[in-house]
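Values in this text are rule-based calculations from the coordinates and carry no lab data. Here the structure is a predicted model, which is why all the values come from computation and not from measurement. FYI the Cβ positions are ideal-geometry reconstructions off the backbone, even for glycines, and counts take in every protein chain you see.
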Amino acid sequence: LIAEGDGENCPRKGKRKEHDFKFTFEALCIPALLQRDENSSSRSSHPGQANPCEILIDQALEFVKHSVDTHWIPHDATNVADMCMLEKLAYLIFERHVNEYDLNEMLIGSNGGAEWWVQVKEIDLSSEKDGSAPSQAIDLHYDKDEELAETFEIGSFPTLSTVTYFTSNNLRDINGSDRTATAPPTVIFPHTYEMDDDGPIGGVTFDADSGEMKMNMSTSPQMIISHSKVGKHIVFDGKLLHGAPSNPILRQKSEHSHFEDHVSDVHKGIRVTFLVNIWLTRRPSKVILLPESIRDKVKDCHIDGGANCLSFLNENPLSMVKRNIKTL
C-alpha cells in the first residue's frame with residue numbers, strides 16, 4: 001500500500017485519554033502559504049508579488065546559519081507577538097492539531113508544547129548521473145527525546161510529528177546548470193521503536209485489544225510516500241519510523257511533476273521542510289526556547305513589505321484543507 005493523502009485511520013473528535021488516541025496519517029494543504037501580496041517586492045516569477053513560502057524560506061536559511069538544534073514553544077506561550085514567523089507558524093500548527101483532535105485535556109500542566117526545526121537540503125547534480133542527490137537524503141529515524149535515548153536508552157516520543165513543505169518536488173541544480181531532479185519524498189512506515197527489527201519493515205496489523213501495532217509476517221509491507229509540494233502539510237503518529245531516502249525509485253517521475261511558481265528562482269536548488277513535533281506531556285530534554293539573539297537575526301531577514309502576506313500568522317486557528325489519498 002503506497003499512499004499520499006489523508007489516511008482512513010485519522011482521529012475522530014471526542015474526549016480521549018492519551019492511551020486511547022489512535023492516529024496514522026493525514027495530508028493537508030495550508031492555503032495561506034500559497035497567497036501572494038501584490039503590494040510587496042518579490043524574487044519569484046511574479047514580480048511585485050511576495051509569497052509566504054519565499055519569506056519563510058529566507059528566514060529558514062537565516063535560522064540554519066545559527067542553529068542546528070530543535071527549539072521549543074510551550075503550549076501556554078505568552079510571547080507569541082514577539083516570535084519570528086517560523087515560531088508563529090510552529091505555534092499555530094500545534095494549536096490547530098491539539099484543537100482539531102480534541103487533545104487539550106491531555107496537556108499536563110505547562111509541560112506540553114511544540115518542538116520545531118528546519119531541514120535545508122541543497123541539490124548538486126554536477127556529479128550525479130541518475131537524477132538523484134544523496135546529499136538531500138534524510139536517513140530513516142524515529143522522532144524522540146534524543147538526550148534521553150542516548151543517555152539512558154529510553155524511548156520517549158512525541159504524540160504527533162508533522163512536516164510542512166516550503167519548496168516543490170522539482171528542483172534545479174544549485175550550481176546553475178540546466179539539470180533537474182525530483183526531491184526525495186517523505187516515507188513513513190507503520191513501524192515503531194518497540195517492534196522487532198527482523199523481517200520486512202511495514203508488515204504489521206493493528207491489535208485492537210492492546211491498542212498497538214504488531215509485526216505480522218503474512219501481511220504485505222506498507223508505507224506512505226509523500227512528495228514535496230509547496231504549502232503541503234502532513235501529520236502522523238510521532239512513534240513511526242520515517243525519513244527521506246535518496247533511492248531514485250521512490251521519487252515521483254518528472255512527467256508527473258512540474259515546477260511550481262510559488263518559490264523564487266533563488267530557492268529552486270534547495271529542499272526546505274519545516275518540522276513540528278507535538279508533545280502533550282513533557283518537553284524533550286535539553287530542547288530550549290529559541291535564543292533572543294537568533295530570533296532577532298531571523299526576524300530581520302525578510303522581503304520589504306512581505307510581512308503583509310504573512311498576516312495569517314497573527315490569526316488563530318490556522319486553516320488547513322484535506323488532500324486526497326492515492327493508493328497503489
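Applying 1/(1 + (r/R0)^6) with R0 = 22 Å to the Cβ-Cβ distance of His141 and Val68 gives a FRET efficiency near 0.90. Exceedance of the 23 Å cut-off in Cα-Cα distance is limited, within the set Lys144/Lys299; Lys88/Lys286; Lys229/Lys286, to Lys144/Lys299; Lys229/Lys286. Length gained on full extension, Tyr193 to Asp102: 30.2 nm, using 0.36 nm per residue less the C-alpha separation.
With r as the distance between the Cβ atoms of Leu148 and Ala81 and R0 = 25 Å, compute the FRET efficiency 1/(1 + (r/R0)^6) and round to 0.05. It would help to have the intermediate numbers written out before the result.
Numbers: r = 33 Å, r/R0 = 1.30.
Efficiency, from the Cβ-Cβ distance: 0.15.
Our estimate of slack between Ser285 and Ser311, defined as 0.36 nm per intervening residue step minus the Cα-Cα distance, is 6.1 nm. Most tightly packed first, judged by the mean number of other beta-carbon atoms within 10 Å of their residues, the peptides 222-232, 74-84 read 222-232, 74-84.
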